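Chemist: Have a look at this one before I ask anything.
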Amino acid sequence: MKTKELVVSAIENGTVIDHIPSDKLFQVIKILNLESCTDQVLFGNNLESQKLGKKAIIKVQNKFFETDDINKIAIVCPTATLTIIKDYEVVGKRVPSLPTEFEGIVKCYNPKCITNHEQVTPKFRVLDSREIKLQCHYCQKITKEETLNFL
C-alpha cells in the first residue's frame, strides 16, 4: 500500500501557528484578521495530532505577531504554539500564555458596562484560564468563553 502525503510549501519568513484545536481554527483566523491579510496564508484543519486528536495549523507569510495578538490566541486556544521562521529556518518558538490581566482585546459581556457606552478601554482580570472566565475591571461581571466578543 502506498502512503500518500500532501506537502505544503515552507514559508520563507513568517509564523506558523500549530496545535490549534480543529473547532477553533476559524475563530483564530477571525480574531487575527487573517481574512484581510495580503500575504500568503495557508491553513489545514482536522489533521491528525497525538496531543489533540485532531488539530489545525496556520502558516502566515511575512507576519510576526505582537503581544496583543498572542494574547488573543491564548484566550481562544492555549494549546497553540507559534514558530517564527526567518530565511526558511526556525528562529524561535512561543507558547501563548494568558496574562493575569489584559485590556483592549475583548468586549465586556454586560450590555450596561461603561466600556460598551463610553470611550473606555475594556480591562479584564483572568479568573480561570482553562475554562476562560474573565472579570471586568469596571462592572465586575464575568465573561465566559461562550460569550467572548473580540474588539
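The values are calculated or read from the model by the stated rules, or taken from the named source; none is laboratory data. Nothing here was measured: the structure is a model prediction, and the numbers come from that model. Glycine gets a Cβ as well: all are built from the backbone with ideal geometry, and neighbour counts include every protein chain shown. When the accessible area is computed, the model is the full protein with side chains, heavy atoms only, and any ligands, DNA or RNA have been set aside. Shrake-Rupley method; radii C 1.70, N 1.55, O 1.52, S 1.80 Å.
Chemist: Just need a number here: residues in segment 66-80 that are open to solvent by less than 20 Å² (accessible area, probe 1.4 Å) and in contact with a Lys or Arg (Cβ under 9 Å, 6 or more places away or on another chain).
Modeler: Matching residues across segment 66-80 total 4.
Chemist: Run down Ile29, Ile70, Ile20, Ile84 and say which single residue is touching a strand residue (DSSP E or B) at 6+ places or on another chain (Cβ under 8 Å), modelled with pLDDT of 90 or more and over 25 Å from Thr143 (Cβ atoms). Walk me through how you get there before you give the answer.
Modeler: Values: Ile29 fails: over 25 Å from Thr143 (Cβ atoms); Ile70 fails: over 25 Å from Thr143 (Cβ atoms); Ile20 fails: over 25 Å from Thr143 (Cβ atoms).
Among Ile29, Ile70, Ile20, Ile84, only Ile84 is touching a strand residue (DSSP E or B) at 6+ places or on another chain (Cβ under 8 Å), modelled with pLDDT of 90 or more and over 25 Å from Thr143 (Cβ atoms).
Chemist: Would segment 19-34 turn up any residue that is in a helix (DSSP H, G or I), open to solvent by less than 90 Å² (accessible area, probe 1.4 Å), small (Gly, Ala, Ser) and farther than 22 Å from Ile132 by Cβ?
Modeler: Residues of segment 19-34 in a helix (DSSP H, G or I): 22-31, 34.
Retained after the next criterion (residues that are open to solvent by less than 90 Å² (accessible area, probe 1.4 Å)): 22, 24-25, 27-29, 31, 34.
Okay, now just the ones that are also small (Gly, Ala, Ser), so 22.
Filter once more, keeping what is farther than 22 Å from Ile132 by Cβ: none.
Scanning segment 19-34 turns up no residue that is in a helix (DSSP H, G or I), open to solvent by less than 90 Å² (accessible area, probe 1.4 Å), small (Gly, Ala, Ser) and farther than 22 Å from Ile132 by Cβ.
Chemist: Same structure again: Has segment 1-17 got any residue that is exposed (fewer than 12 other Cβ atoms within 10 Å of the Cβ), in contact with a strand residue (DSSP E or B) (Cβ under 9 Å, 6 or more places away or on another chain) and among the charged types (D, E, K, R)?
Modeler: Step one: list which residues in segment 1-17 are exposed (fewer than 12 other Cβ atoms within 10 Å of the Cβ), which gives 1-10.
Now restrict to residues that are in contact with a strand residue (DSSP E or B) (Cβ under 9 Å, 6 or more places away or on another chain): 6, 8-10.
In the following step, the residues that additionally are among the charged types (D, E, K, R) were identified as none.
Looking for residues that are exposed (fewer than 12 other Cβ atoms within 10 Å of the Cβ), in contact with a strand residue (DSSP E or B) (Cβ under 9 Å, 6 or more places away or on another chain) and among the charged types (D, E, K, R), one finds none in segment 1-17, hence no.
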